[in-house]
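Below you'll find the structure, written out as structure tokens, and then a few comments.
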Amino acid sequence: MATSETVTSFASSTSAVLRSVGLLRESWIGMIGAGLILFWIVVALFAPLLAPHDPLAILQPFAKPGMFHAASGTTLWLGTDNLGRDILSRIIWGSQTVLIYAPLATGCAYAVGIVMGLAAGYHRGWWDTTLSRIGDIILSFPVLILYIIVIATFGASGLNIVIAITFASAPGIMRIVRGLALDLRNRDYVAASQTRGETSFYIMMVEILPNARGPLIVDACVRLGYVIITIGVLGFLGLGLPPPNPDWGGMVNEARSMAMIFPHMAIIPCAAISSLVLGFNLLADGLREVSLRD
Amino acid sequence: MLILITKRLSFMVMTMVVVSILLFLVLEISPGSVATKVLGQFASDEQKNIWLEQHGYFEPVWYRYIIWAGNFLTGELGVSHRFKVPVGDIMWPRLWNTAVLGFWTFALIIPASLTLGVLAGMREGSKLDRTFSIVSILTTSVPEFASAVFLSAVFVFGLQLLPGTSGMINGFDLTQLILPVLVLFLYDFGYVARMTRASMAEVMTTPYIRTAILKGLPYRQVIMKHALRNALIAPFTVIMLQLNWLLSGVIVVEFFFAYKGFGALLLEASLNQDIFVIEACAMVAVFVAVMTQTIADIGYTYLNPRIRFS
């Protein structure tokens, strides 16, 4: 019984997602956004095939874009950096870093934020007051200062970045989920399942959460874009992943002092980050437009 | 109204207390590591113990916190072990520099975003509105360090019009302020303008605006007298809260342009583990953030007559 219910609810939510993807076709802004994201996902997936060089291999320092590299017989389409590593290959491999850490951090923040928001919005009372207060306090802290202190104290690593982002973003997600839960908890189907004697965990996860998905999906797109910016900023400030890894923000940091002589070293990773963030923001705008239509 | 102010102020104090406890715990929970940070990696255990003894680090944690918080309130911020001078001597001039940067940024953002937001929100779905929303998505998608790079490439590398760094070594120089302000403007402007637009668009759909239009009032008057008053309440809050964003934003911009501001100081202190500078800067930042939120909340209530008179 329980499984068949889950299966049908899963099927219906899948079809809802498919429907909104179909609807997205009507919003050219959303399509451009989805295209940009898809482009980087493909690049990240096929990085080993696409990258012409090893991202850590040292070829020839300070090569301008389009320069011919005689030793390997290839053209360095985007030039090399100060250590002589191929920028194109580093961009391609760097897309993997971003597309692993940004969704991971956003996902963790959502897991924490949704649980907190549902507890606050559905149970109300004591839970609500405590959780909302904690959230307000965290949100009152200027975000980047929080990241800097946490990461400078505990050290820069992928895990610490994910933890810091979860800590700082979960309260914002909690606020949205709480608002939605406050509205949905008064619906008839919630009353029906309360009468059926379902546990409050079941009601929160099966009755309330799926019905709150619309605004949450839009928010997740915007937030993913913002998390990508954050990871880039941390890399840029020298608090990102440790150096040899190809990381877009870190590439800008390394090129910063030479940006006035060799601007391509900084411009290319900046353009990569901006295009990916733009993709998520355009997709969010498209989804919002489509969801308002019906 | 008075009750609200007291409530907000007490929440503000509570936030400051909680944040200060957390900060204290994160940075000072282990006296040994504090001594290492202050005296350096190569200090002997004996030296560390003498220093810890002198500075009261063998007292219980709660006692140390009270002394620490008391010192803070009386302006005793400690000594920066990197610069060997009292923290206040470095921090306050830096804070002033950042205030100058912030002032010019807001002087640009407020008029530009309010005008554009109102114009776009007045006629939802018009050509201007669509163009505006795409431009604002574009500007908010470009991180500050990226727009700093792009702008430098054009104005410093390409046209050679502006200086690439803003160290202000030979005294105050307005041309060195242009690029940092422009970068902050580009990143923040879209958000404020979008909020203004949404608020204006919402007001335009209300019955009282429809009535005003239907009873034949000139469109100008409808906008100026009826719509703007209500539409500008929300942007006021957003602009106040933007100060909180600015505190984060200045770190990137000051670091990029080597501007001697508060954000750069906090970053340098964190990277060098200059513990008392981190504490002082973080507390000042939180104070500014919480203070602006309180003002935004109280101001919002004051501006909204439905709440003010109830």
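Testing A:Ala192 on (1) under 29 Å from A:Val277 (Cβ atoms); (2) assigned to a helix (DSSP H, G or I); (3) not hydroxyl-bearing (Ser, Thr, Tyr), one condition comes back false. Which one is that?
(1)
Please pick out the residue among A:Thr97, A:Thr80 that is crowded, with 18+ Cβ neighbours inside 10 Å and modelled with pLDDT under 85. Give the derivation first.
Numbers: A:Thr97 fails: modelled with pLDDT under 85.
The unique qualifying residue is A:Thr80.
Identify the residue in region B:15-33 that is of a type in the set (S, T, N, Q) and not in a loop (DSSP other than H, G, I, E, B) and, among all such residues, is surrounded by the fewest Cβ atoms within 10 Å (Cβ to Cβ). Let's see the steps before the verdict.
Step one: filter region B:15-33 for residues of a type in the set (S, T, N, Q), giving B:15, B:20, B:30, B:33.
Then keep just the ones that are not in a loop (DSSP other than H, G, I, E, B); that gives B:15, B:20, B:33.
Values: B:Thr15: 23, B:Ser20: 19, B:Ser33: 14.
So, considering only residues that are of a type in the set (S, T, N, Q) and not in a loop (DSSP other than H, G, I, E, B), the one surrounded by the fewest Cβ atoms within 10 Å (Cβ to Cβ) is B:Ser33.
Among (1) more than 14 Å from chain B (Cβ to nearest Cβ); (2) crowded, with 19+ Cβ neighbours inside 10 Å, where does A:Val112 come up short?
(2)
Taking the condition of being in a helix (DSSP H, G or I), more than 7 Å from chain A (Cβ to nearest Cβ) and buried (at least 24 other Cβ atoms within 10 Å of the Cβ), how many residues in region B:258-275 meet it? Let's see the steps before the verdict.
Residues of region B:258-275 in a helix (DSSP H, G or I): B:262-271, B:275.
Add one more test, that the residue is more than 7 Å from chain A (Cβ to nearest Cβ), and what stays is B:262-265, B:268-269, B:275.
Now restrict to residues that are buried (at least 24 other Cβ atoms within 10 Å of the Cβ): B:262-263, B:265, B:269.
The qualifying residues number 4.
A quick yes/no check of all residues on (1) in a loop (DSSP other than H, G, I, E, B); (2) within 14 Å of chain A (Cβ to nearest Cβ):
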residue	(1), (2)
B:Val13	no, yes
B:Ala35	no, no
B:Phe42	yes, no
B:Phe72	no, no
B:Phe83	yes, no
B:Trp92	no, no
B:Phe106	no, no
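Suppose the filter is in contact with a helix residue (DSSP H, G or I) (Cβ under 8 Å, 6 or more places away or on another chain) and either more than 10 Å from chain A (Cβ to nearest Cβ) or surrounded by fewer than 19 Cβ atoms within 10 Å (Cβ to Cβ) (or both); does B:Ile209 pass it? Explain how you work it out, then say what you get.
Working: in contact with a helix residue (DSSP H, G or I) (Cβ under 8 Å, 6 or more places away or on another chain): yes; either more than 10 Å from chain A (Cβ to nearest Cβ) or surrounded by fewer than 19 Cβ atoms within 10 Å (Cβ to Cβ) (or both): yes.
When the stated conditions are applied, B:Ile209 passes them.
Between B:Phe236, B:Phe287, which is more than 20 Å from B:Ala107 (Cα to Cα) and in a helix (DSSP H, G or I)?
Values: B:Phe236 fails: more than 20 Å from B:Ala107 (Cα to Cα).
It is B:Phe287.
What are the residue pairs meeting all of these: first residue in region A:29-47, first residue more than 15 Å from A:Gln96 (Cβ to Cβ) and among the aliphatic types (A, V, I, L, M), second residue at pLDDT below 90 and not in a helix (DSSP H, G or I), Cβ atoms under 9 Å, and 6 or more apart or on different chains?
A:Met31/A:Arg25
Of B:Val253, B:Val238, B:Val290, which residue is touching a Pro at 6+ places or on another chain (Cβ under 7 Å) and of a type in the set (A, V, I, L, M, F, W, C)?
Details: B:Val238 fails: touching a Pro at 6+ places or on another chain (Cβ under 7 Å); B:Val290 fails: touching a Pro at 6+ places or on another chain (Cβ under 7 Å).
The unique qualifying residue is B:Val253.
Identify, please: which residue in region B:229-257 is within 10 Å of another protein chain (Cβ to nearest Cβ) and closer than 21 Å to B:Phe172 by Cα and is, among those, surrounded by the fewest Cβ atoms within 10 Å (Cβ to Cβ)?
Per the criteria, the residue is B:Phe255.
Out of the residues in region B:138-175 that are surrounded by fewer than 20 Cβ atoms within 10 Å (Cβ to Cβ) and at the interface with chain A (Cβ under 8 Å from one of its Cβ atoms), state the one that is farthest from the chain's Cα centre (by Cα).
Ranking the qualifying residues of region B:138-175, first place goes to B:Phe157.
Return the pair list, or none, for Cβ contacts closer than 6 Å from residues in region A:227-247 that are within 12 Å of chain B (Cβ to nearest Cβ) and within 16 Å of A:Met265 (Cα to Cα) to residues that are assigned to a helix (DSSP H, G or I) and among the polar types (S, T, N, Q), at least 6 apart or on different chains.
That search, which allows pairs on different chains as well, returns A:Phe236/A:Asn253.
Report whether or not A:Asn186 is part of a loop (DSSP other than H, G, I, E, B) and either away from chain B (no Cβ under 11 Å) or at pLDDT 85 or above (or both). Give the derivation first.
On the way: part of a loop (DSSP other than H, G, I, E, B): yes; either away from chain B (no Cβ under 11 Å) or at pLDDT 85 or above (or both): yes.
In short, yes.
What are the pairs with Cβ atoms under 8 angstrom where one residue, in region A:257-270, is on the phi > 0 side of the Ramachandran plot and within 9 Å of chain B (Cβ to nearest Cβ) and the other, located anywhere, is surrounded by 18 or more Cβ atoms within 10 Å (Cβ to Cβ) and in a helix (DSSP H, G or I)? Sequence gap at least six, or different chains.
From region A:257-270, no pairs qualify.
Among all residue pairs at least 6 apart or on different chains, which show Cβ distances below 6 Å where the first residue, located in region B:263-285, is without any contact (Cβ under 8 Å) to a residue 12 or more places away in the chain and the second is not acidic (Asp, Glu)?
Sorted first by the residue in region B:263-285, then by its partner, the pairs are B:Ser270/A:Ile148; B:Ser270/A:Ala152; B:Ser270/B:Ile278.
Which pairs turn up if I take residues in region B:210-232 that are in contact (Cβ under 8 Å) with a residue 40 or more places away in the chain and look for partners that are surrounded by 15 or more Cβ atoms within 10 Å (Cβ to Cβ) and in a helix (DSSP H, G or I) with beta carbon separation below 6 Å, at least 6 apart in sequence or on another chain?
Close Cβ pairs satisfying both conditions: B:Ala227/B:Val203; B:Ala227/B:Ile209; B:Ala231/B:Ser199; B:Ala231/B:Met200; B:Ala231/B:Val203.
Could you please find all residues in region A:122-163 being more than 12 Å from chain B (Cβ to nearest Cβ) and crowded, with 20+ Cβ neighbours inside 10 Å?
Hits for region A:122-163 are A:Tyr122, A:Leu131, A:Ile161, A:Val162.
Could you count how many residues in region B:15-30 are more than 14 Å from A:Ile134 (Cα to Cα), more than 8 Å from chain A (Cβ to nearest Cβ) and of a type in the set (Val, Ile, Thr)?
The total comes to 1.
The values are calculated or read from the model by the stated rules, or taken from the named source; none is laboratory data. Since the structure is predicted, the reported quantities are computational estimates derived from the model, not experimental observations. Reconstructed Cβ throughout: ideal geometry from the backbone, glycine too, with neighbour counts over all protein chains shown.
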